[in-house]
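What follows is one structure encoded as structure tokens, with my remarks underneath.
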Amino acid sequence: MYGAQLIEALRVRAAGQTTAELRSAGTGEAPVPTRASQLDFFGVGGDRMRAAGCDTVVDAKDLSVVGITEILSHLPKIYSLYRHLLAEADKRKPDLAIVIDSPAFNWRVARQMKKRGIPTVYYVAPQFWAWRQGRVRLIRDYIDKALVIFPFEEQFYRDRGVDATFVGHPLAELPHPAIERDEYAAQSRLEIAKPWITLMPGSRVKEVRMNLPTILEAAAQLGPAYEFLLPVAPTLDRGFLPRLIARHGAARTTQSHPKITLVPESLPALWHSRAGIVASGTATVEAAMMCTPFVMVYRVSPLTYALGKPRVKVPHFAMVNLIAGEKIVSELVQHDFTVPKIITHLNEILPDGPPRDRMLEGLARVKARLRAPQPASGPPQHPADRAAEAILSIPGPVRS
């Protein structure tokens, strides 16, 4: 999503610059083409990036691996894709490289771009403040500009010698879905009289397999008083979730099977839901932006957890809690991620009352903090617009 938004913003910004050049020239002739007015994109991406006009020489699905131990079996394939991407860069000779998130893969790409004299921007910079803080040197050594989406990241990176700018979180500017609840209910075949709960187990196969069975068990125990919505992440194959849900149902010894409705998008589901069970990650920010109270859950393999936990340098797992600087949502991680605890915490925020009100107030504060300052004059800017403005101001490559 971030990449597609950025491509669109770069195209719009580039077109605006070209129009300004034509006006300043005072003629009816087209201006001399510039780097900004001839934008072509290639790299790593998925369906949204392709729709935005990026030639995806590597599909992002092939890099979607979670966990320290889980990545080992995928290394040969990932290395092959990495070499293919570099070969395309050598052939096409880009003027600028933009790496987005995925630090384990992207800092290596950035290092190779540095060797080739290609300016490199990191958009959605790695969360090295959470763990492995020593790796900030990788950003300092190989990145020309870091564009960060959380307010506390700018100072963290600047204190460590990185040219970083907070551009705002792309999700903070999301409008509420326009579709009304009754229309959405009819479209998705939901019972409008029941409260709805959105289930978001993750966007990658491994994390869904680790998270979804416990979430489904909690849904089964909550019972038929609720409708359960499960948005299908675009990074997952279409048949994966139905197969996993069917296997879970077949393994149950009772006759109580929750009705799970698969829906194509997360935001309308969250907006119209009473609450959510949401895996740690971007989905928790989406829930906050939709003002949906939720319980955060997450599980990785025991070995990955044992290796990773001692390196964690922050007091909270949930991003909304880190942004707020306090505990707003419950965090059920690893051994705490159990069905009874999910139900206990949900039952606190489903009914009207002080716990739900406090969470809603906290989510509103988080949303406000994720917005970057707007210009004193002119139209409001989306974070992708601010990122595009910074990117297009960077000088071209230095080639040997």
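At what distance in angstrom do the alpha carbon centres of the range 258-273 and the range 213-235 lie from each other?
Measuring centre to centre over Cα atoms gives 10 Å.
Would you mind getting the Kirkwood hydrodynamic radius of the range 332-400 from its Cα pairs, rounded to one decimal in Å?
Details: mean 1/r = 0.0596 Å⁻¹.
One decimal place: 16.8 Å for the Kirkwood radius.
For residue 367, list the lysines whose Cα falls under 18 Å from its own Cα; do not include residues on the same chain fewer than 8 positions away.
327
Compute the acute angle (0 to 90°) between the alpha-carbon long axis of helix 339-349 and the principal axis of greatest extent of the alpha-carbon atoms of the chain; round to the nearest 10°.
80 degrees
With angles folded into 0 to 90 degrees, how steeply does helix 205-222 sit against the dominant principal axis of the chain? Use alpha carbons for both and round to 10.
For helix 205-222, the angle is close to 30 degrees.
Report the full-extension gain for the segment residue 84 to residue 158: residue separation times 0.36 nm, less the Cα-Cα distance, to one decimal in nm.
Numbers: separation 74, 0.36 × 74 = 26.64 nm, distance 3.31 nm.
That works out to 23.3 nm of additional length.
Below 8 Å between Cα atoms, with a sequence gap of 6+, how large is the relative contact order for the chain in percent?
Over the chain, the number comes to 17 percent.
What is the helix-to-structure angle for 75-92, meaning the angle in degrees between its Cα long axis and the longest Cα principal axis of the chain, kept from 0 to 90 and rounded to the nearest 10?
Tilt of helix 75-92: around 30 degrees.
From the C-alpha gyration tensor of the range 158-259, pull out the three semi-axes of the equivalent ellipsoid (sqrt of 5λ each), sorted largest to smallest, in whole Å. Before the final figure, lay out the partial values.
Details: eigenvalues 210, 92, 31 Å².
Sorted largest first and rounded, they come to 32, 21, 13 Å.
How much space per residue, in cubic angstrom, does the convex hull of the C-alpha atoms of the range 193-304 take up?
103 Å³
Give the residues of the range 98-128 whose amide nitrogen is closer than 16 Å to a point set 7 Å from the Cα of residue 135 in the direction of its Cβ.
Within reach of a label on residue 135, which here means backbone N under 16 Å from a point 7 Å along Cα→Cβ, the range 98-128 contributes 99-112, 122-128.
Under 10 Å, Cα contacts only: if you run a Gaussian network model on the chain, which one of 238, 48, 140 comes out with the highest mean-square fluctuation?
238
Give the whole-number value, in cubic angstrom per residue, of the convex hull volume spanned by the C-alpha atoms of the chain. Please report the intermediate quantities before stating the final value.
Working: hull volume 66.4 nm³, N = 400.
In the chain, the Cα hull volume divided by residue count equals 166 Å³.
Would you kindly find the accessible area of residue 338, with a 1.4 Å probe and non-protein molecules such as ligands, DNA and RNA excluded, rounding to the nearest 10 Å²?
Number for this one is 40 Å².
Could you order 196, 107 by accessible surface area, starting with the largest, using a probe radius of 1.4 Å? Walk me through the intermediate numbers first.
On the way: 196 0, 107 30 Å².
The ranking, largest first, comes out as 107, 196.
Might you work out the accessible area of residue 316 for me, using a 1.4 Å probe with all protein chains in place, and round it to the nearest 10 Å²?
My reading of the accessible area for residue 316 is about 40 Å².
Which ³J(HN,Hα) values in Hz, rounded to whole numbers, follow from the phi angles of the range 148-156 under the Karplus curve 6.51 cos²θ - 1.76 cosθ + 1.60, where θ = phi - 60° and Gly and Pro get x?
Each residue's phi maps through the Karplus curve to give 9, 10, 10, x, 7, 6, 4, 5, 4 Hz.
Mean-square fluctuation check for the chain, GNM, Cα pairs under 10 Å: which of 80, 203, 266 is largest?
80
Could you go through the range 367-372 in sequence order and give the Karplus-derived ³J(HN,Hα) for each residue, using 6.51 cos²θ - 1.76 cosθ + 1.60 with θ = phi - 60°, rounded to whole Hz, and x for Gly and Pro?
4, 5, 6, 7, 8, 7
Let's test the formula: R0 of 35 Å, r as the Cβ-Cβ distance of residue 191 and residue 333. What FRET efficiency results, to the nearest 0.05?
Working: r = 32 Å, r/R0 = 0.93.
Efficiency for this residue pair is about 0.60.
Please go through the residue pairs 93/145; 93/206; 259/341; 61/259; 61/145 and name each one whose alpha carbons sit more than 31 Å apart in this structure.
Details: 93/145 20 Å; 93/206 35 Å; 259/341 21 Å; 61/259 28 Å; 61/145 26 Å.
Distance filter (> 31 Å) returns 93/206.
Could you rank 62, 40 by how accessible they are, 1.4 Å probe, largest area first?
Values: 62 55, 40 140 Å².
Largest accessible area first, the list is 40, 62.
Given a Förster distance of 35 angstrom, what is the FRET efficiency for residue 179 paired with residue 238, based on the Cβ-Cβ distance and rounded to 0.05?
Working: r = 22 Å, r/R0 = 0.64.
Efficiency for this residue pair is about 0.95.
For the range 100-174, take the convex hull of the Cα atoms, compute a quarter of its surface area, and give me that in nm², please. Show your work: numbers first, answer last.
On the way: hull surface 19.3 nm².
For the Cα atoms of the range 100-174, the hull's average projected area reads 4.8 nm².
Over the range 258-400, what per residue volume does the convex hull of the Cα atoms give, in whole Å³?
Working: hull volume 31.3 nm³, N = 143.
So the per-residue Cα hull volume is 219 Å³.
What residue among 270, 363, 86 has the largest mean-square fluctuation in a Gaussian network model of the chain, using Cα springs under 10 Å?
86
The values are calculated or read from the model by the stated rules, or taken from the named source; none is laboratory data. Every value quoted in this text rests on a predicted model; they were computed, and no experiment measured them. When we count neighbours, we look across all protein chains shown, and the Cβ atoms used for this are built from the backbone with ideal geometry, even at glycine. SASA here: full protein model, heavy atoms, side chains in, ligands and nucleic acids out. Shrake-Rupley method; radii C 1.70, N 1.55, O 1.52, S 1.80 Å.
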